[in-house]
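The values are calculated or read from the model by the stated rules, or taken from the named source; none is laboratory data. All values derive from a computational prediction rather than experimental measurement. Neighbour counts are summed over all protein chains in view; Cβ atoms, including those assigned to glycine, are modelled from backbone coordinates with ideal geometry. All accessible areas refer to the heavy atoms of the entire protein, side chains included, with ligands and DNA or RNA removed. Shrake-Rupley method; radii C 1.70, N 1.55, O 1.52, S 1.80 Å.
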2 protein chains.
Amino acid sequence: MFLTEKGISLPSEELDLMGGENRRPPYTDKNPGGQMPALELEDGTVIAETVAIFEYLEEKNPSPALVGSNAEERAETRMWQRRIELGITENLYNGFRYSQGIEIFKDRMRCLPEAADGLKAKAQDGLEWLDKLLEGHDFVVGDRFTMVDIILFCATDFIAGVGQPLNPEHKNITAWKERIAARPSATSSLHPGAAEVGMQG
Amino acid sequence: MFLTEKGISLPSEELDLMGGENRRPPYTDKNPGGQMPALELEDGTVIAETVAIFEYLEEKNPSPALVGSNAEERAETRMWQRRIELGITENLYNGFRYSQGIEIFKDRMRCLPEAADGLKAKAQDGLEWLDKLLEGHDFVVGDRFTMVDIILFCATDFIAGVGQPLNPEHKNITAWKERIAARPSATSSLHPGAAEVGMQG
């Protein structure tokens, strides 16, 4: 979705995520974190972690700005990115990994099934908080569409299908989600992208 | 510690963290996240979230580089920052908040005491993983001292005093911690900075 919004096209290589190809060499020699996706540069340097990849691609392709077009905009985007990830999306994903997703994840990381319900509740707390702050705004960072919308959209879209739907009482988030879903980048790239981000294998 | 390394001096205002001054207006009107620290710009814009502040200060004061001096270095630093935070320091902090720190945090956020032991164990898994990767390197991002060292140092230093000491068998991390502790910035700014980051109130 980020690439589509940027108009960037990159050669790609698919790995068998469900088969755990990302959790063993040769992939882990390049990315010892073992997560997907990763970006390999021409000199062989490997950049993992989706947000680090976003920032790198933005530096190389500044327009349209999805982080920001000046230091103040970028700071505001990065502040929101952390609020959304630490308060909402990490809790959505871990809530999933430790319950509905546990059969996939139990051999890949230490899973905390005892934490699943609480993490899901924390994610809802975060969404409740965000819903109020979204009042009168089109996007998470006010009037600018940014990587934060992509992060939250992919997370909520993926997770809605695996047991954590949005609360329809969160009217601002519901309207925001419809707004993002109507973008061509969401239609064209949604399903593989969301699944990949959601799983991170 | 970041400011000291950069040689930046900023006017500052102290809030009564233990009294929850950061969790109510007028602070939350400026930073609805309610966490500390926050950086107020001259036009009144408020940037919260420590890492967003680091990135902003680096853009305005590029040298010495604590994120990186080119896009590739910055990408590598940001990748490591996420690995360290999501895999280690967030788990250290939340493990603390939900157990030793619960009296302070129970009225400020949803606490998950049932998750505390598991989160602490996940932090140790992350440190175990990092210890191997640190072999032969002076800093988390290879040969460069970066904001990632500051993030991990402040977290491990704070948390060692509240129930989660480093494992002495992690020899590379132990040596790394001594290396960072010997920096003038650690000696001069350690305790208030570490406590503030650790608490985030």
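Brief remarks on what is shown
- Estimated [θ] at 222 nm from DSSP helical runs (n ≥ 4, -39500 (n - 2.57)) normalised by residues in chain B, nearest 500: -15500 deg cm²/dmol
- With respect to the axis relating copies B and A by rotation, the chain B residue whose beta carbon is closest, plus that distance in Å, is B:115, 2.
- Farthest toward positive dipole pole in the protein assembly as shown [+1 Lys/Arg, -1 Asp/Glu at C-beta], among B:63, A:68, A:38: A:38
- Here the Karplus curve 6.51 cos²θ - 1.76 cosθ + 1.60, taken at θ = phi - 60°, turns the phi angles of the stretch A:98-109 into couplings of 8, 9, 3, x, 5, 5, 6, 9, 4, 9, 10, 7 Hz, with x standing for Gly and Pro.
- For chain A, the solvent-accessible area with a 1.4 angstrom probe is 44 square angstrom per residue.
- Area of residue A:23 that stays accessible when all protein chains are in place (1.4 Å probe, Å², to 10): 80 Å²
- Multiplying the residue separation of residue A:133 and residue A:121 by 0.36 nm and subtracting their alpha-carbon distance yields 2.4 nm.
- List of the stretch A:36-54 residues, accessible area with partners at least 10 Å² below that of the chain alone (1.4 Å probe): A:41, A:45, A:46, A:47, A:48, A:49, A:51, A:52
- Percentage relative contact order, chain A, counting C-alpha pairs under 8 Å, at least six apart: 25 percent
- Reachable lysines from residue A:132, criterion Cα separation under 25 angstrom, eight or more residues apart if same chain: A:120, A:122, A:171, A:177, B:30, B:106
- Surface listing: B:79, B:109 arranged by accessible area from highest to lowest gives B:109, B:79, probe 1.4 Å.
- Percentage of interatomic Cα-Cα distances in the stretch B:34-159 larger than 25 Å: 34 percent
- Surface composition of chain A: carbon and sulfur make up 51 percent of the accessible area, probe 1.4 Å.
- Residue B:41-residue A:8 FRET efficiency (beta carbon distance; Förster radius 30 Å; 0.05 resolution): 0.45
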